[in-house]
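The values are calculated or read from the model by the stated rules, or taken from the named source; none is laboratory data. This one's a predicted model, so the numbers in the text were calculated from it and none came from an experiment. Please note: Cβ atoms are built from the backbone with ideal geometry, for glycine as well, and neighbour counts cover all protein chains shown.
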Amino acid sequence: MVRENCGVVGIFSSGGINVVPLAIDALRALQHRGQEAWGIAVPDREPLRRLGLVSASSSEFRDISSEYESECAIGHVRYSTIGRSNLENAQPHRVRDLCVAHNGTITDATEMKNMVGGCSFSPQKASDTLMAAQRLVSLMDGGGGMAGALKILKSEMAGSYCFTFISDDHSVYAARDSRGFRPMVLGRRDSDDTHIVASESAALSAVGATLVRDIRPGELVRMSMEGMHSETFSDGEGTSHCSFEFTYFAHPSSRMEGANIYLARKQIGRGLARKFPIRDADLVIPVPDSARPAALGYAQELNIPFDEGLLKDRYSKKGPLRSFIEPQQSDRVEINRWIIPIREIIQDRHVVVIDDSLVRGTSSRAIIEALRKSGARRISMLITYPPVRFPCYAGIDFPSREELATYSEKPTDEAGLVEMVRKDIGADFLGYNDAANLARAVGIPEKSMCFTCHTGDYSALGAAAGGSPG
């Protein structure tokens, strides 16, 4: 199984402008969703794919924009969790006259391999995206069109997916899974009659487009010279919006399922303050960067001073990157090594440290050790996300229970689990948020959000992911 939580974009301009520069800018705005590779595709060409950050290829942007000039394009930034970080697995992929980019996880990709003519794909050689594209093209040969093929494909695969497609007839498509696990939005630039779909509204803002709405779960959108057309390939299922998007993955400027991410995170912090009112604290500090709004909300709710006690070194090679989405443990450690405490802020103080999540414990141990060395008198750590206890099969990198900080060979209740993790990371106090508190802060019913990595309930993902999570 290959799991990817990436960023996708699709653009079509009825005004005939070259949209490749817009696609590049949109991908740069989605860089927080994937740091390993990026690529774009236009009709009648092999996709362009590059390893590393989008900005690393800035010297090529002018030539790329000229060489791949087109009124329509799709793009992708990649974050993988299993599989090689090489150019072969970078996206978009081309299958005959269709190019595809994917954000999410197809959990039964190995079984799908057997449906595409017995080809020699395997999860270590090709992504779930390529296998899905092969199957989709074979289904479209039956004459049912894109929507008809997706209806069949949906019944054959489990997991999460947002697809963008571009065909050699100069049509751009976007499809979101029927549960809405991963986000996808639609935007428009009135100045040149350009429509854009993207993983987040931050990409729309980057190219001067206005958010129109979220792509609905189970919706297929087609953009072409005939205009924009929408149809439903799957409906009637409840939503399972990824709760981790709201605490960590999404950009704070984005708007998702009706909620502004920055304001939602502040509300999460306020809810955390009501759950854990540590009134004898001297200072509230965030773990940079995604926990900052929550830390501010916590401090404001309890009227405790807020300050930046930890700073990222943005001039080191790894310092500016996000540790969670790095595929190798050594890279995660390297990134966390460049989170630097400010001794003058934290020395001799009881510090409340707010972090967005605690998954492996790598970051938390390193940060608490650094705060101790800098003279913190007491360290209370609060986590905006509930305890992660199970692997994710919907596109987030929680690959095995044994890797998780919460893993224990002996059964334990939640209080015992929290105490075990507290000792492991070295905090004086540790508190986790709960699912109901998080959902209330975001403004989405708890039953409409996915908390599988906390609960271990895989029913929303379908039978292929419903086996033993261990």
Practice prompt. Among the candidates Asp457, Asp424, single out the residue that is at pLDDT below 95 and either in a helix (DSSP H, G or I) or of a type in the set (Asp, Glu) (or both).
Written response: Asp457
Item to complete: Go through region 200-222 and count every residue that is outside any helix (DSSP H, G or I) and closer than 14 Å to Asp25 by Cβ.
Response: 4
Fill in: Of the criteria (1) under 23 Å from the mean Cα position of the chain (by Cα); (2) free of Cβ contacts under 8 Å to residues at least 24 places away in the same chain, which one Phe306 fails
(1)
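Quick check, is Glu36 surrounded by fewer than 24 Cβ atoms within 10 Å (Cβ to Cβ), modelled with pLDDT under 95 and of a type in the set (Asp, Glu)?
yes
Go through region 161-196 and report how many residues are among the charged types (D, E, K, R) and over 21 Å from Ile106 (Cβ atoms). Full working, then the answer.
To start, the set of residues in region 161-196 that are among the charged types (D, E, K, R) comprises 168-169, 176-177, 179, 182, 188-190, 192-193.
Those left that are additionally over 21 Å from Ile106 (Cβ atoms): 168-169, 188-190, 192-193.
The qualifying residues number 7.
Is it the case that some residue within region 253-276 is in a loop (DSSP other than H, G, I, E, B), over 18 Å from the mean Cα position of the chain (by Cα), in contact (Cβ under 8 Å) with a residue 24 or more places away in the chain and not assigned by TED's automatic domain parsing to the domain that holds Arg213? Break it down into steps so the answer makes sense when it comes.
Step one: list which residues in region 253-276 are in a loop (DSSP other than H, G, I, E, B), which gives 253-254, 257-258, 276.
Next, from what is left, pick out any that are over 18 Å from the mean Cα position of the chain (by Cα): 276.
Then drop every residue that is not in contact (Cβ under 8 Å) with a residue 24 or more places away in the chain, which leaves 276.
Going one step further and asking which of them are not assigned by TED's automatic domain parsing to the domain that holds Arg213, we end up with 276.
Scanning region 253-276 turns up at least one residue that is in a loop (DSSP other than H, G, I, E, B), over 18 Å from the mean Cα position of the chain (by Cα), in contact (Cβ under 8 Å) with a residue 24 or more places away in the chain and not assigned by TED's automatic domain parsing to the domain that holds Arg213.
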Response to the item:
Subset of region 409-423, residues surrounded by 10 or more Cβ atoms within 10 Å (Cβ to Cβ) and either of a type in the set (Phe, Trp, Tyr) or over 20 Å from Ser363 (Cβ atoms) (or both), comes to Thr412, Glu414, Gly416
Practice prompt. Residues that are of a type in the set (Lys, Arg) and either more than 20 Å from the chain's Cα centre (by Cα) or in the same structural domain as Val95 (by TED's automatic domain parsing) (or both): find the strands (runs of 3 or more DSSP E) completely inside region 1-64 holding 2 or more of those.
Written response: 48-51
Worksheet entry | Of the criteria (1) among the acidic types (Asp, Glu); (2) modelled with pLDDT of 95 or more; (3) touching a Phe, Trp or Tyr at 6+ places or on another chain (Cβ under 6 Å), which one Asp193 fails | (3)
Discussion item. Checking Glu237 against (1) more than 18 Å from His102 (Cα to Cα); (2) part of a strand (DSSP E or B): exactly one of these is not met. Which one?
Written reply: (2)
Discussion item. Within region 360-379, does at least one residue satisfy the condition of being farther than 18 Å from Ile285 by Cβ and part of a loop (DSSP other than H, G, I, E, B)?
Written reply: yes
Practice prompt. Scan region 178-190 and give yes if some residue there is without any contact (Cβ under 8 Å) to a residue 24 or more places away in the chain, outside any strand (DSSP E or B) and either under 24 Å from Cys242 (Cα atoms) or acidic (Asp, Glu) (or both), otherwise no.
Written response: yes
Discussion item. Is it the case, given these coordinates, that Glu326 is outside any strand (DSSP E or B), modelled with pLDDT under 90 and not assigned by TED's automatic domain parsing to the domain that holds Glu200?
Written reply: yes
Practice prompt. Within region 174-189, identify whether any single residue is in the same structural domain as Arg96 (by TED's automatic domain parsing), modelled with pLDDT of 95 or more and within 21 Å of Leu48 (Cβ to Cβ), and answer yes or no.
Written response: yes
